[in-house]
1. What are the pairs with Cβ atoms under 9 angstrom where one residue, in the stretch 170-190, is among the small types (Gly, Ala, Ser) and the other, located anywhere, is exposed (fewer than 11 other Cβ atoms within 10 Å of the Cβ)? Sequence gap at least six, or different chains.
2. Being out of contact with any strand residue (DSSP E or B) (no Cβ under 8 Å at 6 or more places or on another chain) and surrounded by 15 or more Cβ atoms within 10 Å (Cβ to Cβ) is the filter; apply it to the stretch 161-190 and report the residue that is nearest to residue 116 (Cα to Cα).
3. Considering 149, 126, which residue is closer than 23 Å to residue 79 by Cα and among the β-branched types (Val, Ile, Thr)?
4. Taking the criterion of being over 14 Å from the mean Cα position of the chain (by Cα), under 17 Å from residue 171 (Cβ atoms), surrounded by fewer than 23 Cβ atoms within 10 Å (Cβ to Cβ) and not aliphatic (A, V, I, L, M), would at least one residue in the stretch 132-143 satisfy it?
5. Hey, residue 125 hits all of (1) crowded, with 19+ Cβ neighbours inside 10 Å; (2) of a type outside the set (S, T, N, Q); (3) free of Cβ contacts under 8 Å to residues at least 40 places away in the same chain but one; which does it fall short on?
Amino acid sequence: MSYPDTPCQKLDQNQFCFLRFMIQGTYGFNAEGTECDMKDNQFRKTSWFIGSIAAVGLIGVILPGSVSAAEITVYKSPWCGCCSKWVDHMRANGHTLKTVNVENLDLIKKMAGVPKHLQSCHTAKVDGYTIEGHVPAPEVARLLKERPVATGLAVAGMPGGAPGMEGGDPEAYDVTLFGPNGTREIYKRY
């Protein structure tokens, strides 16, 4: 896969501006503080595509009931089987998922605001929230219904028995609601 030659092309061939737009919904400057080239053809095509998706989502807000579950973008390693099982769990619960295979998730997690102590093997974005790790679908649905002021939900590590981690002995685990200033609270105990 080749990448356009732009100022955004740094950090392991990832286009920083594109990732920032995908994760935070903002763009403008890359990691070095220089302005990103928004005339980049690939970026314009991608922005148009994302804008189209946003418009479809807006129709769901205007016409209640027309969209049954939120679209989730999952950033995961191409070799992680439990991440794929979590994707299957979310799809079985009515969500539409787009997976993005990334070899190094550190940048994604940092940009998504996931604290180190809550990190797991995959990171997802849905309606402005971050979903870190093996969060059960009912908690994602509850988050989207209640819409708390928060960065998102996380299940730290890879606890046995969590969605995607079935098999073996189930472990007790917490779904944590976390915020941008280090705030966190137990959202649900399993």
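1. Note: pairs meeting the criteria are 172/189; 179/149.
2. Among residues in the stretch 161-190 that are out of contact with any strand residue (DSSP E or B) (no Cβ under 8 Å at 6 or more places or on another chain) and surrounded by 15 or more Cβ atoms within 10 Å (Cβ to Cβ), the one nearest to residue 116 (Cα to Cα) is 179.
3. 126
4. Yes; the residues of the stretch 132-143 include at least one that is over 14 Å from the mean Cα position of the chain (by Cα), under 17 Å from residue 171 (Cβ atoms), surrounded by fewer than 23 Cβ atoms within 10 Å (Cβ to Cβ) and not aliphatic (A, V, I, L, M).
5. Among (1) crowded, with 19+ Cβ neighbours inside 10 Å; (2) of a type outside the set (S, T, N, Q); (3) free of Cβ contacts under 8 Å to residues at least 40 places away in the same chain, the lone unmet condition for residue 125 is (3).
Every number here is computed from the coordinates shown, using simple stated rules; none is lab data. On a predicted model such as this, the values are computed, not experimentally measured, just so you know. Every residue, glycine among them, receives a Cβ derived from its backbone with ideal geometry; neighbour counts consider all protein chains shown.
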